[in-house]
Amino acid sequence: MNKKDFAFGKNNYILLAIGAAVVILGFLLMSGGSSTTEAYNPDIFSGRRIKLAPIVCLLGFVVMIYAVVKNPDAPLLPWKKNSNNINLEKK
């Protein structure tokens with residue numbers, strides 16, 4: 001099978017996996033005990049659950065969106081030069 005047959009490159013899959021792991025981490029940060037009608041649990045309004053976890057999830061989704069729209073031939077990080085594309089020919 002040719003590399004041209006795949007929609008994504010290796011870097012795209014790496015970024016997708018990183019994004020999915022960050023989203024899962026965000027959902028784990030949101031988990032915890034809940035309040036019932038018999039007992040009130042103030043932890044449901046903790047900063048970790050209502051501020052940090054949604055931001056972590058959002059960042060994971062942003063990484064996944066970037067992985068989908070990123071050109072497979074471009075370097076993994078846009079501000080780093082890709083050493084594989086250096087032209088050594090003299091003109």
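The values are calculated or read from the model by the stated rules, or taken from the named source; none is laboratory data. A quick note: this is a predicted structure, and the numbers were derived from the prediction, not measured. Using ideal geometry, Cβ is built from the backbone for each residue, glycine included, and neighbour counts are taken over all protein chains shown. Keep in mind that these areas ignore ligands, DNA and RNA; they rest on the heavy atoms of the full protein, side chains included. Shrake-Rupley method; radii C 1.70, N 1.55, O 1.52, S 1.80 Å.
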Note on segment 44-73: residues surrounded by 12 or more Cβ atoms within 10 Å (Cβ to Cβ) and among the charged types (D, E, K, R) are Arg48, Arg49, Lys70
Within segment 28-42, the residues that are closer than 23 Å to Val56 by Cα and out of contact with any Lys or Arg (no Cβ under 7 Å at 6 or more places or on another chain) are Leu28, Ser31, Gly33, Ser34, Pro42
Original post:
When you look at Phe27, is it touching a residue at least 24 places away in the same chain (Cβ under 8 Å), within 21 Å of Leu76 (Cβ to Cβ), among the hydrophobic types (A, V, I, L, M, F, W, C) and open to solvent by 80 Å² or more (accessible area, probe 1.4 Å), yes or no?
Top reply: no
